[in-house]
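S.K.: Okay, here's the structure, questions in a sec.
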Amino acid sequence: MNPLTEFHTQQTRRAFLERSTLGLGGIALGSLLNGAPERAGRNAIGGMNGLPHFTPKVKRVIYLFQSGGPSQMDMFDYKPELAKRFGEEVPESIYPAERKTTMTSGQKSFPCAPTSLKFSQHGQAGTWLSAPLKHLAKQIDDVCVIKSMFTEAINHDPAATLFQTGSVIPGRPSMGAWVSYGLGSENANLPAFVAMTSNGTAKQGQPLYDRLWGAGFLPGRFQGVKFRGQGDPILDLYNPAGVTRAQRRRMLDALNKLNQDQASRFNDPAIATRIAQYELAFRMQMSVPELIDTKSEPKSVLDMYGPDATKPGRYAYNCLLARRLAERGVRFIQLYHRGWDAHGNAPKGVAEQCRDTDQGTAALLRDLKQRGMLDDTLVVWGGEFGRTIYCQGKLTKQNYGRDHHPNCFTYWLAGGGVKGGITYGETDDYSVNVTEKPVHVHDLQATILHQLGIHHERLTYRYQGRYFRLTDVHGKVVKDVLS
């Protein structure tokens, strides 16, 4: 829609006569038909009538996305027998050439690189974890480790896009946007969906585009609101110097009248979204400053999260902020942490990433549990794919790199309705392929929606003649991991 063209069209005599006679009926009918998917059938908190489809296990989701592809065999997928195969060529029957990226497909040798990190068992079930996960080890009885995740995408952007939106092609709504669209918001003063980013020690990583938490073809107000890691958490949130809150209110009232006038003339849903976002921003001016003040937390809580708990933009700070958002009714909280792309010196890289994230992650689980919130919160941890068992670059006992690997990798879940202290699925002797209980990206997405009381096949949106959903055309709930 081009608003200027539309406006000029409406000024013609023919358009005037149409609006004045039978055109009024057409306008009314068009308003009913075009607006029905957006305005009709929504409840008092902005969710769809009839949702949740069944009694939910959780009220909210905290998704800890580890951007770059954490190495499963250096953290969770323990293969002690591989130590005997150090430096041996990984058989092509195990790892075929067509599943290698261009970064390593030209290598003449693909030597086996067993992990150099020490593993030990933890918790009542004896879950294997590597040494850098020392904080998570203390909470492992609340965690369900899924070793049999797999995906089709082998490069970062399409792989991350698939996990976040259900498609490798950009443009689809993100998972948080689907949840916001379906369930609405429990807190009128905060967004239903918040996204935050942080960097690892390496201070570099894969780019994270706003579309990963975008609304796609859903109305724009369902997109995630990004909390920035430096400066003001949200741009233009605070009033300029000399502008009072009462003045801001009068300005918005005047602006809303203009927007309402345009909305009545053009019937453009983007205008309704703009009005809603202005109002939300006004309410957030009161709620956000108190929300982001993590220094107000008791010392015992800050100590639990570690020294970064009061430093905006750091992973531990975002984890603490996630808990504060959760207890204030935010439905979907998405954390992205960069730096897991270990093409070289993987042992050092994994250890550094764990130093950045392990304490904050474990503290979040412990914090939620001691407040009684873990029972109605689902925590999800994982990246876009795993890493290869063969070495990228030069191999030594203590130094090796790993390339992208989509065939098998590890995710974990914790919280409401999830069986804690179990390991689900299995991989082959080289940690190359899933051998038992495979879990696809869409299976994970279906399971997350299920815990929120949503049937993944029934949450749809009609766009360009087709009913779209997060899980596209397949996906099943992984009921074996649910209590």
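The values are calculated or read from the model by the stated rules, or taken from the named source; none is laboratory data. Since this is a predicted model, take the numbers as computed values, not measurements. Positions of Cβ are backbone-derived with ideal geometry, glycine not excepted, and every protein chain shown enters the neighbour counts.
S.K.: Which condition does residue 207 not pass, out of (1) outside the structural domain of residue 310 (by TED's automatic domain parsing); (2) surrounded by fewer than 16 Cβ atoms within 10 Å (Cβ to Cβ), if it passes all the others?
M.R.: (1)
S.K.: For the structure I just gave you, tell me whether residue 180 is surrounded by 24 or more Cβ atoms within 10 Å (Cβ to Cβ) and more than 22 Å from residue 412 (Cα to Cα). Quick ask: steps written out before the conclusion?
M.R.: Numbers: surrounded by 24 or more Cβ atoms within 10 Å (Cβ to Cβ): yes; more than 22 Å from residue 412 (Cα to Cα): yes.
Yes; evaluated as a whole, the condition is true for this residue.
S.K.: Collect the residues in the stretch 299-334 that are more than 17 Å from the chain's Cα centre (by Cα), among the charged types (D, E, K, R) and not in a loop (DSSP other than H, G, I, E, B), keeping them in residue-number order.
M.R.: Answer for the stretch 299-334, where residues must be more than 17 Å from the chain's Cα centre (by Cα), among the charged types (D, E, K, R) and not in a loop (DSSP other than H, G, I, E, B): 299, 303, 324, 327.
S.K.: Look through 227, 222 and report the one residue that is hydrophobic (A, V, I, L, M, F, W, C), modelled with pLDDT of 90 or more and in contact with a Phe, Trp or Tyr (Cβ under 7 Å, 6 or more places away or on another chain).
M.R.: Result: 222 is the single residue among 227, 222 that is hydrophobic (A, V, I, L, M, F, W, C), modelled with pLDDT of 90 or more and in contact with a Phe, Trp or Tyr (Cβ under 7 Å, 6 or more places away or on another chain).
S.K.: Take the stretch 260-280 and flag every residue that is crowded, with 17+ Cβ neighbours inside 10 Å, in contact (Cβ under 8 Å) with a residue 24 or more places away in the chain and hydrophobic (A, V, I, L, M, F, W, C).
M.R.: Of everything in the stretch 260-280, those that are crowded, with 17+ Cβ neighbours inside 10 Å, in contact (Cβ under 8 Å) with a residue 24 or more places away in the chain and hydrophobic (A, V, I, L, M, F, W, C) turn out to be 272, 280.
S.K.: I'd like to check something: does the stretch 451-459 contain any residue that is over 25 Å from residue 73 (Cβ atoms), part of a helix (DSSP H, G or I), touching a helix residue (DSSP H, G or I) at 6+ places or on another chain (Cβ under 8 Å) and not polar (S, T, N, Q)? Talk me through it step by step, then tell me what you get.
M.R.: Initially, the stretch 451-459 is screened for residues over 25 Å from residue 73 (Cβ atoms), giving 451-459.
Cutting the leftovers down to part of a helix (DSSP H, G or I) gives us 451.
The next check asks that each one be touching a helix residue (DSSP H, G or I) at 6+ places or on another chain (Cβ under 8 Å); those that pass are none.
Within the stretch 451-459, none of the residues are over 25 Å from residue 73 (Cβ atoms), part of a helix (DSSP H, G or I), touching a helix residue (DSSP H, G or I) at 6+ places or on another chain (Cβ under 8 Å) and not polar (S, T, N, Q).
S.K.: If I filter the stretch 324-352 down to residues being under 21 Å from residue 224 (Cβ atoms) and free of Cβ contacts under 8 Å to residues at least 60 places away in the same chain, which single residue comes out as surrounded by the most Cβ atoms within 10 Å (Cβ to Cβ)?
M.R.: This residue is 324.
S.K.: Something else now. Within the stretch 210-259, work out how many residues are loosely packed, with under 15 Cβ neighbours inside 10 Å and of a type in the set (Lys, Arg).
M.R.: The qualifying residues number 5.
S.K.: Considering the stretch 155-207 alone, what residues qualify as being part of a loop (DSSP other than H, G, I, E, B), β-branched (Val, Ile, Thr) and at pLDDT 95 or above?
M.R.: Selection gives 168, 169.
S.K.: Could you list, ordered by first residue, the pairs with Cβ atoms under 6 Å in which the first is in the stretch 201-221 and touching a residue at least 40 places away in the same chain (Cβ under 8 Å) and the second is surrounded by fewer than 19 Cβ atoms within 10 Å (Cβ to Cβ) and part of a loop (DSSP other than H, G, I, E, B), at least 6 apart or interchain?
M.R.: 211/170; 216/171
S.K.: Having 1 or more residues that are under 25 Å from the mean Cα position of the chain (by Cα), among the β-branched types (Val, Ile, Thr) and assigned by TED's automatic domain parsing to the domain that holds residue 354 is the bar; report the strands (runs of 3 or more DSSP E) wholly within the stretch 37-153 that clear it.
M.R.: Output list reads 60-66, 143-150.
S.K.: Here is a check on your reading of the model: is residue 194 within 16 Å of residue 70 (Cβ to Cβ) and buried (at least 24 other Cβ atoms within 10 Å of the Cβ)?
M.R.: For residue 194, the condition - within 16 Å of residue 70 (Cβ to Cβ) and buried (at least 24 other Cβ atoms within 10 Å of the Cβ) - is not met.
S.K.: A follow-up question, please. Could you identify the single residue in 244, 201, 197 that is of a type in the set (Val, Ile, Thr), over 25 Å from residue 463 (Cα atoms) and more than 32 Å from the chain's Cα centre (by Cα)?
M.R.: Every option except 244 fails the conditions.
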